[in-house]
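Before any comments, here is the structure.
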Amino acid sequence: MTASGSLLSRLRADREAALLADFPFAFDTLIDTITHVEPVRLASGAPLEPIAKDHGGGTYFLCGEGDGEDRPVLFADSEGSAGVIGTDLREALLLLIGLPCSGEALHRERKGLVMDEQALKALRDEEDEDYIEATEIEDLPGMRAEILDRLGLAPLPPLTWLLERARAAAALDPGHMLLNEEGNAYRQG
């Protein structure tokens with residue numbers, strides 16, 4: 001969070017930023033009432049605050065006590081998987097915008113591959129190409145730069161720094177188990 005206000009308040013005040021966050025980055029804050037597909041709670045009993053939706057019925061939540069954006073961000077999809085995607089909202093948005101393939105990068109690291117700046121850029125470029133082809137976006141890198149600027153997150157940090165933040169978020173997962181109203185746990189992911 002910066003002196004110019006919270007990221008969520010900037011998204012609410014800047015419709016163009018909110019539209020970019022929604023498409024192509026699947027972080028929709030334009031919905032009047034944000035709810036998940038079913039009632040959920042954290043196993044710890046800590047509060048969950050829904051803050052955005054994705055395009056497939058998933059929900060982004062701020063976790064824990066407080067009203068600031070310095071709380072972990074958990075994403076729960078509509079199919080029963082959930083996981084922390086950022087140690088705070090700033091990091092979650094940087095990952096969604098700057099390194100949307102961080103999950104795949106972490107998977108490749110676990111298989112013993114070195115994910116340095118060059119490897120991360122190649123992976124992101126490959127995924128960007130597939131996304132551009134599927135959605136017919138003309139300038140994804142330009143859209144990425146514009147939203148980072150509008151949210152006060154520019155310039156994008158090195159991709160290796162973003163991957164380190166994804167590792168830190170993944171380390172929080174065990175403490176943020178999501179349960180449905182029957183008490184069944186979402187798959188960590």
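Things to note:
- Contacts under 8 angstrom Cβ, first residue in segment 176-189 being in contact (Cβ under 8 Å) with a residue 40 or more places away in the chain, partner surrounded by 11 or more Cβ atoms within 10 Å (Cβ to Cβ) and of a type in the set (Val, Ile, Thr), 6 or more apart: His176/Val84; Leu178/Val40; Leu179/Val40; Asn180/Val40; Glu181/Val40; Tyr186/Val40
- Residue match in segment 91-110 (condition: free of Cβ contacts under 8 Å to residues at least 40 places away in the same chain, outside any helix (DSSP H, G or I), of a type outside the set (Val, Ile, Thr) and loosely packed, with under 15 Cβ neighbours inside 10 Å): no
- Which listed residue is small (Gly, Ala, Ser), farther than 21 Å from Leu163 by Cα and open to solvent by less than 10 Å² (accessible area, probe 1.4 Å), from Gly58, Gly83, Gly66: Gly58
- The listed residue being among the charged types (D, E, K, R), open to solvent by 70 Å² or more (accessible area, probe 1.4 Å), modelled with pLDDT of 95 or more and in contact with a helix residue (DSSP H, G or I) (Cβ under 7 Å, 6 or more places away or on another chain), out of Glu126, Glu117: Glu117
- The set of residues in segment 71-85 being out of contact with any helix residue (DSSP H, G or I) (no Cβ under 6 Å at 6 or more places or on another chain) and either free of Cβ contacts under 8 Å to residues at least 12 places away in the same chain or closer than 16 Å to Pro47 by Cα (or both) consists of Arg71, Phe75, Ala76, Glu79, Ala82.
- Any hit, segment 19-26, residues being closer than 21 Å to Glu182 by Cβ, in contact with a helix residue (DSSP H, G or I) (Cβ under 7 Å, 6 or more places away or on another chain), surrounded by 18 or more Cβ atoms within 10 Å (Cβ to Cβ) and among the aliphatic types (A, V, I, L, M): no
- Inside segment 29-47, residues that are in contact (Cβ under 8 Å) with a residue 60 or more places away in the chain, out of contact with any Asp or Glu (no Cβ under 8 Å at 6 or more places or on another chain) and open to solvent by less than 60 Å² (accessible area, probe 1.4 Å) make up a count of 2.
- Residue match in segment 144-167 (condition: surrounded by 17 or more Cβ atoms within 10 Å (Cβ to Cβ), within 22 Å of Ala52 (Cβ to Cβ) and of a type in the set (Gly, Ala, Ser)): yes
- Assessment of segment 12-30 against the conditions (at pLDDT 95 or above and assigned to a strand (DSSP E or B)) yields at least one matching residue.
- Taken as a whole, the structure leaves Glu117 outside the set of residues that are in contact with a Leu (Cβ under 9 Å, 6 or more places away or on another chain), farther than 21 Å from Gly175 by Cβ and free of Cβ contacts under 8 Å to residues at least 24 places away in the same chain.
- Evaluation of His55 against the conditions (1) within 15 Å of the chain's Cα centre (by Cα); (2) modelled with pLDDT of 95 or more shows that the sole unmet condition is (2).
The values are calculated or read from the model by the stated rules, or taken from the named source; none is laboratory data. All values reported here derive from a predicted model rather than from experimental measurement. Here the Cβ is made from the backbone with ideal geometry for all residues, glycine too, and neighbour counts use every protein chain on show. We work out accessible area using only protein heavy atoms, side chains counted, and drop any ligands, DNA or RNA first. Shrake-Rupley method; radii C 1.70, N 1.55, O 1.52, S 1.80 Å.
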